[in-house]
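Derivation of every value follows stated rules applied to the coordinates shown; laboratory data play no part. Computed from a predicted model, the values in this text were never measured in an experiment. Don't worry about glycine lacking a Cβ; one is built from the backbone with ideal geometry, like all the others, and counts go over all protein chains shown.
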Amino acid sequence: MSTPINIQPARQFCLQCLLTLLIVFGLTIASFIYLSLNPADLFTLEAMRNMAEFIGRFFPPDLSADFLEKIGYGVLQTLAISALATLIAAILSLGLSLPVSGKFGLLAKGLARFICNFLRSVPELVWAALMVLAVGLGPFAGTLALMLHTTGVLGRLFGEALENNPVSSSNALELSGSGRVASFLYGTLPGIAPQLLSYSLYRWEMNIRMATILGFVGAGGLGQMLYYELSLLREAQASTVIIAMLLLVILVDTISSKLRRIQMHNLG
């Protein structure tokens, strides 16, 4: 016996949708006018010529052995800064996630959320400038800056993941005689671990890119090399640093994708 198909009539013209699109379009045009933005200026002959001349000075890149050795050191330093900052931030965020999710009452929840909001509302460059003043130039300042900002971001994300996780497994363990720590480790943590790993890997990718920018305030890594070469108008050397940044981002993205595939495979 065939099941009758319920055919719904086509939706009629949506006046509200049209008005919304017109309002968004009008606000976009008004923003261009208010900011004095003229996209046509980008495609003038003079602009194209100036950009071509500037880009041309970056080629060919400097591939000398001595400079490539410096690049390799900068790549390792950038990797170390981003990985160490992300790892420490993930550990701290796991501890913050408990009060953020309301496990210790409303007062602790409000205080923990305020700490997370404060840490992530201050940009990494501002944290880096403060850390440079505190500990001096170098990778230590960059690591601290990324760690502080990432702790605020991951603390909020971890807390929300923990808050939305079903409590049936942990409650069952507590009813069977397990303590709160054991019920969290064996009942709650395995359920949210894949989500925590995904958040951490995503922040690691972002910290790789951010670590290169923090070098402009003396926080070490490839960013500091790029700032140094550009300040001396050595475009060929700067081109090599930019290529190294691109290859590093591709490498980290590949590693992150591989880890996610392994995680999904283990979950079945």
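One decimal place: the segment Asp253-Leu42 gains 72.8 nm when fully extended, by the rule 0.36 nm per residue minus the C-alpha distance. For region 30-164, the percent of C-alpha pairs falling in each 10 Å distance bin, counted from 0 to the bin holding the largest distance, reads 11, 23, 19, 23, 17, 6, 0.
Here's the picture: charge each Lys and Arg Cβ at +1 and each Asp and Glu Cβ at -1 in region 21-167, and of Asn50, Val153, Leu22 the one pushed furthest to the positive end of that dipole is Val153. If you plug the beta carbon distance of Leu63 and Ala83 into 1/(1 + (r/R0)^6) with R0 = 25 Å, you get a FRET efficiency near 0.40.
Just want the ordering: Cys17, Cys116, from fewest to most Cβ atoms lying within 10 Å of their own Cβ.
In order of increasing Cβ crowding within 10 Å: Cys17, Cys116.
Ranked for footprinting exposure by Cβ neighbours inside 10 Å, fewest first, Glu163, Glu124 give Glu163, Glu124.
A Förster radius of 35 Å combined with the Cβ-Cβ distance from Val122 to Leu19 puts the calculated FRET efficiency at roughly 0.35. Here each label is just a point 7 Å from Cα along the line to Cβ, and for Glu53 and Ile262 those points are 5.1 nm apart.
When each of Ser93, Ser231, Ser36 is scored by the number of other beta-carbon atoms lying within 10 Å, the sequence from fewest to most is Ser36, Ser231, Ser93.
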